[in-house]
Amino acid sequence: MFLRKLSTVCLALALAVGVTACSPEVGSEAWCKQMSDKPSGDWSTNEATDYAKHCVFK
């Protein structure tokens, strides 16, 4: 039972690291491009603030 829980936690951590490692750094040209392609209605408040700060008001 313990090994099953441990392997589940390890798998979840590996997936989380894998997903975050693929996204571009906030403020980079790639990130700005990715955000401009994403519908603005899907942006979080933090994403909108970062976009304005890094991509609009450079």
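The values are calculated or read from the model by the stated rules, or taken from the named source; none is laboratory data. As the structure is a computational prediction, the values presented were derived from the model and not from experiment. With ideal geometry, Cβ positions are generated from the backbone for all residues, glycine too; neighbour counts draw on all protein chains shown.
Worth a mention:
- Checking LYS53 against (1) under 16 Å from the mean Cα position of the chain (by Cα); (2) modelled with pLDDT of 95 or more, the condition it does not meet: (1)
- Listed by first and then second residue, the pairs with beta-carbon distance under 7 Å, at least 6 apart or on different chains, first residue in region 33-54 and of a type in the set (S, T, N, Q), second surrounded by 12 or more Cβ atoms within 10 Å (Cβ to Cβ) and in a loop (DSSP other than H, G, I, E, B), are GLN34/PRO24.
- Scanning region 28-49 for residues that are in a loop (DSSP other than H, G, I, E, B) and at pLDDT below 95 turns up nothing.
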